[in-house]
Amino acid sequence: MAEGTLDLEIVTPAQVLLRAPVTEFVGPGWNGQFGVFPGHQSMVVALRPGVVRYTLADRTTHHIAVGGGFAVVEADRATLLADVAEAASDIDVDRARDAEGRARTSLEGLGLDAPDYAEQKAALDRAVARIDAAAARAL
């Protein structure tokens, strides 16, 4: 770990997507976005579907879409245990937009108590996170 950085690891059940020293990262918590810098107080945060933004020591910023999970933060390291995650550079935007459209169509007319509601809402949230991460990459 370089001075002024913390080790960030983003892990899914299928792979270790990222393992790198970063100067900061921002994640999508259920209670809102949270930012972490080196020396941060230890914490555990529930992640909602959204975009993780991180900055490397060379000041380049990168984005990863996550589909929920948990973040475990310590002073010199953070591990994000994500249900699913995809680097912005790997996202097929057309496919993500198709998934968003299918999820929105599936949600039409469903009440909050419908058996499929939670699954379809989660699919919509993941698609939107992927679209947002890809859009952030383009900036």
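Read-outs: derived from the displayed coordinates by stated rules, not from any lab. All values reported here derive from a predicted model rather than from experimental measurement. Neighbour counts run over all protein chains shown; Cβ positions are idealised from the backbone, glycine included.
Where is the GNM fluctuation largest for the chain (alpha-carbon springs, 10 angstrom cutoff): 32, 69, 50?
In the Gaussian network model the winner is 32.
Only bridges with both residues in the chain count here: give the DSSP antiparallel percent, nearest 5. Walk me through the numbers on the way to the answer.
Details: 36 of 41 bridges.
The antiparallel proportion sits near 90 percent.
Report ³J(HN,Hα) in whole Hz for each residue of the stretch 76-81, in order, from the Karplus equation J = 6.51 cos²θ - 1.76 cosθ + 1.60 where θ = phi - 60°; Gly and Pro get x.
10, 7, 9, 10, 9, 9
Using 1/(1 + (r/R0)^6) with R0 = 30 angstrom and r between the beta carbons of residue 114 and residue 46, what's the FRET efficiency to the nearest 0.05?
Values: r = 24 Å, r/R0 = 0.80.
Given R0 = 30 Å and the Cβ-Cβ separation, E is 0.80.
How much net charge surrounds residue 36 when only the other residues with a Cβ under 14 Å from the Cβ of residue 36 are counted, with Lys and Arg +1 and Asp and Glu -1?
Here the charged neighbours net out to -3.
Before rounding to the nearest 500, sum -39500 (n - 2.57) across all DSSP H runs of length at least 4 in the chain and divide by the residue total; then give [θ] at 222 nm in deg cm²/dmol.
Result for the chain, helices only: -9000 deg cm²/dmol.
Using a 10 Å cut-off around each Cβ, can you sort 25, 70 from fewest to most neighbouring Cβ atoms?
70, 25
Summing +1 for each Lys or Arg and -1 for each Asp or Glu, what net charge is found among the other residues whose Cβ lies under 12 Å from the Cβ of residue 103?
0
Starting with the fewest neighbours, write out 36, 44 ranked by other beta-carbon atoms found within 10 Å of each beta-carbon.
So the residues, fewest neighbours to most, are 44, 36.
Hey, if you drop one equal point scatterer on each alpha-carbon of the stretch 90-138 and run the Debye formula without solvent, what base-10 log of I(q)/I(0) do you get at q = 0.13, 0.22, 0.26 Å⁻¹?
Once normalised to I(0) and log-transformed, intensities are -0.31, -0.70, -0.87.
Compute the acute angle (0 to 90°) between the alpha-carbon long axis of helix 93-107 and the principal axis of greatest extent of the alpha-carbon atoms of the chain; round to the nearest 10°.
That works out to roughly 50 degrees.
List the residues whose amide H sits under 5 Å from the amide H of residue 57, counting only those 5 or more places along or on another chain, with H placed 1.01 Å from N in the peptide plane.
23
For the chain, what is Rg from Cα atoms divided by 2.2 N^0.38 Å, rounded to two decimals?
Normalised Cα radius of gyration, the chain: 1.10.
Enter the angle in degrees (range 0 to 90, nearest 10) between the Cα long axis of helix 117-138 and the first principal axis of the Cα atoms of the chain, meaning the one along which they spread out most.
Result, in degrees: 50.
Who wins for biggest fluctuation among 113, 90, 125 in a Gaussian network model of the chain, springs between alpha carbons below 10 Å?
113
Convert each backbone phi in the stretch 42-58 into a coupling constant with the Karplus relation 6.51 cos²θ - 1.76 cosθ + 1.60 (shift: θ = phi - 60°), then list the ³J(HN,Hα) values in order as whole Hz, x for Gly and Pro.
5, 6, 10, 10, 6, 9, 9, x, x, 10, 9, 10, 9, 10, 7, 4, 7
Assuming R0 = 22 Å, can you tell me the calculated FRET efficiency for the pair residue 95 and residue 30, based on Cβ-Cβ distance, to the nearest 0.05? Numbers along the way, then the final one.
Details: r = 27 Å, r/R0 = 1.20.
Efficiency at R0 = 22 Å is approximately 0.25.
Enumerate the amide H contacts of residue 8 below 5 Å, restricted to partners 5 or more residues apart or on another chain; note that Pro and chain-start residues carry no placed amide H.
Here the answer is 20, 22, 78, since their amide H atoms fall under 5 Å of that of residue 8.
Can you give the charge dipole size of the chain about its Cα centre, rounded to the nearest 20 debye, using +1 on the beta carbon of Lys and Arg and -1 on the beta carbon of Asp and Glu?
Dipole magnitude for the chain comes out near 180 debye.
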